[in-house]
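Only one structure is covered here, and it is reproduced in the block below.
The values are calculated or read from the model by the stated rules, or taken from the named source; none is laboratory data. All values derive from a computational prediction rather than experimental measurement. In this analysis, Cβ positions are derived from the backbone assuming ideal geometry, glycine residues included, and neighbour counts consider all displayed protein chains. Just so you know, the surface numbers come from the protein's heavy atoms only, side chains and all, with ligands and any DNA or RNA stripped out. Shrake-Rupley method; radii C 1.70, N 1.55, O 1.52, S 1.80 Å.
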Number of protein chains: 4
Amino acid sequence: MAKLWQTSGNLAKDIEEFTVGEDYLLDQKLVKFDCKASIAHAKMLLKMGILSSEEFGSLAKALSEIIALEGRGKFTVKQEDEDCHTAIENHLTKYLGDLGKKIHTARSRNDQVLAALRLFEREQIFATLQSILALIKGLKKTASVSSIMPGYTHMRKAMPSSVKLWATAFIEAMEDDVQIMEFSKKIINKNPLGTGAGYGLPLEVDKETTRAELAFGENFMSPISAQNSRLKYESIILHGLSLIMGDLNKLASDLLLFTMPEFGFFSLPDELATGSSIMPQKKNPDVLELIRGKYSVVAGFETQVKILMANLPSGYHRDFQLSKGPVMKSFAATQECLKMMIRVINALIINKKNLEKSCTSELFATQKAYALVKKGMPFREAYRKIKENS
Amino acid sequence: MAKLWQTSGNLAKDIEEFTVGEDYLLDQKLVKFDCKASIAHAKMLLKMGILSSEEFGSLAKALSEIIALEGRGKFTVKQEDEDCHTAIENHLTKYLGDLGKKIHTARSRNDQVLAALRLFEREQIFATLQSILALIKGLKKTASVSSIMPGYTHMRKAMPSSVKLWATAFIEAMEDDVQIMEFSKKIINKNPLGTGAGYGLPLEVDKETTRAELAFGENFMSPISAQNSRLKYESIILHGLSLIMGDLNKLASDLLLFTMPEFGFFSLPDELATGSSIMPQKKNPDVLELIRGKYSVVAGFETQVKILMANLPSGYHRDFQLSKGPVMKSFAATQECLKMMIRVINALIINKKNLEKSCTSELFATQKAYALVKKGMPFREAYRKIKENS
Amino acid sequence: MAKLWQTSGNLAKDIEEFTVGEDYLLDQKLVKFDCKASIAHAKMLLKMGILSSEEFGSLAKALSEIIALEGRGKFTVKQEDEDCHTAIENHLTKYLGDLGKKIHTARSRNDQVLAALRLFEREQIFATLQSILALIKGLKKTASVSSIMPGYTHMRKAMPSSVKLWATAFIEAMEDDVQIMEFSKKIINKNPLGTGAGYGLPLEVDKETTRAELAFGENFMSPISAQNSRLKYESIILHGLSLIMGDLNKLASDLLLFTMPEFGFFSLPDELATGSSIMPQKKNPDVLELIRGKYSVVAGFETQVKILMANLPSGYHRDFQLSKGPVMKSFAATQECLKMMIRVINALIINKKNLEKSCTSELFATQKAYALVKKGMPFREAYRKIKENS
Amino acid sequence: MAKLWQTSGNLAKDIEEFTVGEDYLLDQKLVKFDCKASIAHAKMLLKMGILSSEEFGSLAKALSEIIALEGRGKFTVKQEDEDCHTAIENHLTKYLGDLGKKIHTARSRNDQVLAALRLFEREQIFATLQSILALIKGLKKTASVSSIMPGYTHMRKAMPSSVKLWATAFIEAMEDDVQIMEFSKKIINKNPLGTGAGYGLPLEVDKETTRAELAFGENFMSPISAQNSRLKYESIILHGLSLIMGDLNKLASDLLLFTMPEFGFFSLPDELATGSSIMPQKKNPDVLELIRGKYSVVAGFETQVKILMANLPSGYHRDFQLSKGPVMKSFAATQECLKMMIRVINALIINKKNLEKSCTSELFATQKAYALVKKGMPFREAYRKIKENS
């Protein structure tokens, strides 16, 4: 199978498999974005006079067809294709002959890969935002429940709280996450096309056309920045996702604790619980445990990318390829955990009686001290007085 | 020494030392901020009628004096004080008697600690931004040097680049970092005062007064959010700092490579190089190696805080205290590395002759292919033609 | 499809898919080991009188058949099976009826899963050791090449070294790794069978039989230890693998530097280099870059598991399942990188002329100083003398 | 102040402070070990005829005096000394004149630093082992308490367990840790002396003398290995410490949960609990929270060192210096947490009544199912029967 960089020599089979890795599988998700970026690139070549109107039309049509095929599961990137970019170029060449090769004028695989990746990331951030908003909606319903609830510090009862305050804290956390993801989208939304292999191109290219076509916010000032942004921008995304997962981890930790029969504040319905192979009585909160655990998956991927970038000089390195998996898998994990948490929150049973019963007198010690304060006693004295009597 | 939470019983000495840890040392940097937050808190107590004008005046004066004392190195937090908050309250009580105790009305140590910490963080972000801007200024001077330079991909000569493109890439990276730090400041700039131990207070407090006094952007919707924001907001800061350090790491890696005599693109003046105890000829770039290495310090601290927050339910936990060191040390490391890099960039010797000499013919292979393209040959064919002749 | 823990109620479809995750795919590699452990367990049930000789014979035969089927790619764990354990039990029940169910007597899925996993890990450690030994063999051939080579400190020429010293350093590193992996195998080689869900079983079981059958080194003292060893033992394995990858990372970093034409100490043959889609002249060392980069994959997975285990109390948690992927993928990555490095080392071209040419005079400054020492000058003085003249 | 590598030029003051960092503070702990290694080195110089008996005697005496001075707090490494090695050589030169300089014959600062560091690490491993053994002793007393206790899986009551099984699990974990630390000691116990800056020395040295004097297990085969072992060996140590901290984290997590009044299985005496500044009733388990949290400190330091070593070629780099802090701080944190846990375990109050009361009927469901099994019912059927009735 022809490679974009085919040499007369031959890369050994095992070496090829090693360098391709799982890319051909991951790249399935990039097909759509590579085609879109290629159409924008072709439009630029048209403007530059490198493609005729007719040639542009044929290329745009063929690329749109690939998008449609892929949507129906009929365009599969194979291991021998190496990646989606070669698969697409081979397809174009098969149907359009030399014209299929012409699309690679004025670009390198480095800017091509990056353009597809950033478009993918932008769409995934959008999808993640939708899931966060749906979870916020669910939490707002929970926050509307009127019930007292014990507040804990140091894992010990502290002061009276409420279901409203508790749920609102997670709404607020999620609203921070919305801002963080939107900011991340803004930062990464730069146009890699026209930066070539990272040092520009030996002919004048019209980056403004591809930027506008693909709705990128701006162009890079230096072509070197495009490749130097790799891993850094990906770590920004992974950090944002790890924060979302951190919030879900805390919410799951609360729910795992407060659904213990020893607390009984909340319950999960049976359809959200699994059984045990040896203990007939068990109803296990596996869903919550896996949401909790997946924080480590995303945070671990962030660390992975931060190790990957250490001590690398400027310019493209093949090591960059290894960030594709962590980014794709972290988006998938975060979105599926958000969806599962929406399911849990919407189905959560709130046991008001248990919540009330658990609000025992020691929770009100601070209130008692402040009652003395209102009568004129300095707080430190009131504190000691209540302490001695407790 | 009296503790804010003193009980009649006594914490064992070794236990106390363990729980205090290095806090009393770190807290030296928080004295100023705790006093400022306390003045704002006192102003609120004044508005609420808990303090008289006279009492407020005495407290504000005493707190301002502590700030001044600390500035002259005359206010030291001791191990037996436990932390700066107790040291300050003990000082107030010593000089103002019962009035010194009254300041703790309507707050908990939890919101007090957090207020001081967030004010500290805000100031440190500001200081970090100043250093970034100074480095950008230095890099702009470098970018104004007109010289060709080889561009590398895969650690192999790729295409011609220039000192301008190279330096501009780091300017652009630093400009991203400016945005990231400013966004981080906006996110963390919320008012913890009035949230008590994390569940509000048993009396109505006027959070708007403290918010405005301390120039916080907004109040938390739920008091629980204040404590739940701990570690999360700190990890946002650490992430931003790790990105700056990542950029410095790449810049240092470039300089370590390109100052090798085998390249000779750049040189460091003698006052930036150290010697060897055994090899008389050596001039070692320790400064650059330490800047490079300190990326791992900050990225490692980010991971530390991300492990710390795993699987903790809502509410305050003493574990949170362990994020103070990582945050303070990461700010210090980042700022000192920025300053060292400014020194390096301002003193960097650019060896134009070597840069030109290293731009050997293979760097221009792509340009040669495109020359054929301009004559009408499809790029893929031109590529193969040049390849065969190289 | 029946689950080992089937309840009358039904887990929702999306919840089931979420909880299964990629387990059904990963578990394909565990089929063999689960069958082996089940045969040992059946032998114990035979000894205990729970199975008759005939029953044991049927079960052992059916389980051996599954191993054979799987070896020929004819036994596939499907998503609706959930995991290999259910797939195997369903298979047994289909062919052996009630007898198939009887095998689950005196065990829980918790000890069953763990037994298969530990047998898998033990085999993988063995396979990793074979690859390390093959690399050592290759390095020994390199070490037999007689050639001077510059030794670097601080990325600056320091003192004369040799290809022999250089290659021997990696042999020595790999020999440490052999010891580390063998020690890891010894630590993890304990028998989980008989520990049930982590609290033993309500009937006396003969753990010594399963231990001896499966060649485990010892039994756990407390059944709780079996589940508490999860993540810990896996992190021991991941740490060992990350050390191997760290050594490969250093070797790859050396080779990436020393194969740069600016050094030219070594070269890679064409069949180990890839080309560029835009630059006709390029021969890129992608294989070495990916080996270098995969250090971060394994080190990142170690961190992932270390985050996963934070703050979890004793006993089984579903979160544990998330360590299966990191362990399996890290073994695969390490073994494939070892194999690729063997390919590289065996094909490496050593350019003696360049090595000699690069041993310029400053490398010998220390030797010159010691020549003066031998004539009676104190070293510090000799050092200064040579320094002044250099 | 004279530096071991003093040049005629002068390193700028701010650069010097940056490169020294906190080394002069950390190095206080290395003084003793540097002196011991220097005495062994001097003995070798004596054997080699470089030092006379008299000279050796003077040096050994002066070095022993430094050890004694340091033990009484009278030998302080100052910032202008840079590190302990210079401080010691300056002291020797001050008292012994030229003889003080002669000690640096046949060594480099690189092997000198490493020798002191490894001796320190070896002693610290020994001290850590003593603390582990003391904790095991405490846990054995706990394990001798006869009481039932509920066993949990998925944070839900699962099957009956006992205080004995629970405590024994931690004894077993600690016994693994003993093996791991002992193995780590064996791996790192190699003699760095004689490897110079990492490429040997220009004169024949008798490494066997220093090895035997300092009780190192073996010499390195290649001098390059000594410097390449840096960060790798340190990460082995940090990994071992992180495993110990992981076990303490689990034990603390159990205790934090089981001392909650909602469980009441265990209690802490007052002298191990702290109060709250706002809530008079609180008794907080800060000690346990800090032990739990310090797992992240050590695990984070391990990650730090693993990032630090990424992508560095062979040979000494100044970056290595940055591992000194993580290693020293992790030893200190682990030992102090072990000591605190010994305090907690020895003082732990076991509430048998609550333990018994919490062993409610559902815990015995598996036992009931097995009672049916003993009467001849297949386990799967018994399981379903009990499930239906629960």
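What percentage of the solvent-accessible surface of the protein assembly as shown, computed with a 1.4 Å probe over protein heavy atoms, is contributed by carbon and sulfur atoms? On the protein assembly as shown, the fraction of accessible area on carbon and sulfur atoms equals 53 percent. Sequence-distant contacts, meaning Cα pairs under 8 Å at least 6 residues apart, place the relative contact order of segment B:109-358 at 24 percent. Against the compact-protein benchmark of 2.2 N^0.38 Å, the Cα-based radius of gyration of segment B:95-202 scales to 1.83. Copy-to-copy label distances for A:Arg72, where each label lies 7 Å from Cα along Cα-to-Cβ, are 3.8, 8.5, 9.3 nm in order of increasing length. Shown for D:Met221: label points 7 Å from Cα along the beta-carbon vector, and their distances to the equivalent points in the other copies, 3.8, 5.2, 6.4 nm in ascending order. What you get for chain B, charging only the Cβ of Lys and Arg (+1) and of Asp and Glu (-1), is a dipole of about 1840 debye around the Cα centre.
Cα centroid separation, segment D:52-81 to segment D:213-232: 25 Å.
Put the Cα centre of segment D:117-140 next to the Cα centre of segment A:171-188 and the gap is 46 Å. In a simple Cβ point-charge model (Lys, Arg +1; Asp, Glu -1; nothing else charged), the protein assembly as shown has a dipole of about 0 debye relative to its Cα centre. Radius of gyration over Kirkwood radius for segment B:152-257, both on Cα atoms: the Rg/Rh ratio is 1.24. Remark on B:Met260: its backbone amide H falls under 5 Å from none of the residues 5 or more positions apart or on other chains, H modelled at 1.01 Å from N. Protection proxy ranking of B:55-64, B:364-373, A:295-304, by the mean of other Cβ atoms within 10 Å over each peptide's residues and highest first, is A:295-304, B:364-373, B:55-64. Taking every DSSP helix (H) stretch of at least 4 residues in chain D, weighting each as -39,500 (n - 2.57) and dividing the sum by the residue count yields a mean residue ellipticity at 222 nm of -20000 deg cm²/dmol.
The C-alpha radius of gyration of segment C:230-272, expressed as a fraction of 2.2 N^0.38 Å, stands at 1.72. In whole Å, what is the distance between the alpha-carbon centres of segment D:253-325 and segment B:247-274? Taking the Cα centre of each part, segment D:253-325 and segment B:247-274 sit 39 Å apart. For peptide D:331-342, the mean count of partner chain Cβ atoms within 10 Å of a residue's Cβ comes to 1. Diffusion coefficient (Stokes-Einstein, Kirkwood radius over C-alpha pairs, 37 °C, 0.692 mPa s) for segment A:73-142: 218 µm²/s, rounded to a whole number.
Measuring from each Cβ of chain A to the axis that turns chain A onto chain C, the shortest distance belongs to A:Thr303, 2 (residue, then whole Å). Since only D:Leu322, D:Gln335, D:Met260 are under comparison, the one whose Cα sits farthest along the positive direction of the charge dipole of segment D:260-390, derived from C-beta charges on Lys, Arg, Asp and Glu, is D:Met260. Across the protein assembly as shown, the fraction of Cα-Cα pairs farther apart than 53 Å, rounded to a whole number, is 31%.
Evaluated at 37 °C with a viscosity of 0.692 mPa s, what Stokes-Einstein diffusion coefficient in µm²/s does segment A:13-102 have when Rh comes from the Kirkwood expression over alpha-carbon pairs? Here the translational diffusion coefficient equals 242 µm²/s. Buried surface for the D/B pair, taken as the accessible area of each chain alone minus that of the pair with a 1.4 Å probe, is close to 4600 Å² in total. In a simple Cβ point-charge model (Lys, Arg +1; Asp, Glu -1; nothing else charged), segment A:194-263 has a dipole of about 200 debye relative to its Cα centre. Build a GNM of chain D with springs between Cα atoms under 10 Å: which of D:Arg380, D:Arg292, D:Arg109 gets the top mean-square fluctuation? Judging by the Gaussian network model, the answer is D:Arg380. Counting, for every residue in C:217-229, the Cβ atoms of other protein chains within 10 Å of its Cβ and taking the mean gives 5.
Return the lysines within reach of B:Lys353: Cα separation strictly under 26 angstrom, same-chain partners fewer than 8 residues apart disregarded; answer none if there are no such residues. Of all the lysines, those that pass the test against B:Lys353 - Cα under 26 Å, at least 8 places apart if same chain - are B:Lys137, B:Lys140, B:Lys141, B:Lys157, B:Lys164, B:Lys250, B:Lys282, B:Lys283, B:Lys368, C:Lys157, C:Lys282, C:Lys357.
Between the listed residues D:Leu193, D:Ile224, D:Leu272, the Cα displaced farthest toward the positive end of the dipole of segment D:187-275, a dipole computed from Cβ unit charges relative to the Cα centre, is found at D:Ile224. Average projection, convex hull of the Cα set of segment A:249-322: 7.9 square nanometres. The same position A:Glu22 in the other copies lies at 0.3, 3.8, 3.8 nm from this copy, comparing label points 7 Å beyond Cα toward the beta-carbon, shortest first.
Per residue of A:371-378, other chain Cβ atoms within 10 Å of the residue Cβ number 2 on average.
Working ranking of peptides B:237-249, D:211-223 by packing, defined as the average number of other Cβ atoms within 10 Å per residue, highest first, is B:237-249, D:211-223. Compactness ratio for chain B: Cα radius of gyration over 2.2 N^0.38 Å (N = residue count) comes to 1.30. Computed from the alpha carbon positions, the gyration tensor of segment C:1-150 leads to an equivalent ellipsoid with semi-axes of 39, 21, 13 Å, biggest first.
Summary of packing: across the peptides D:326-333, A:132-139, the per-residue average of other C-beta atoms within 10 Å ranks them, highest first, as D:326-333, A:132-139. Per residue, the protein assembly as shown exposes 32 Å² of solvent-accessible protein surface, assessed with a 1.4 angstrom probe and all protein chains in place.
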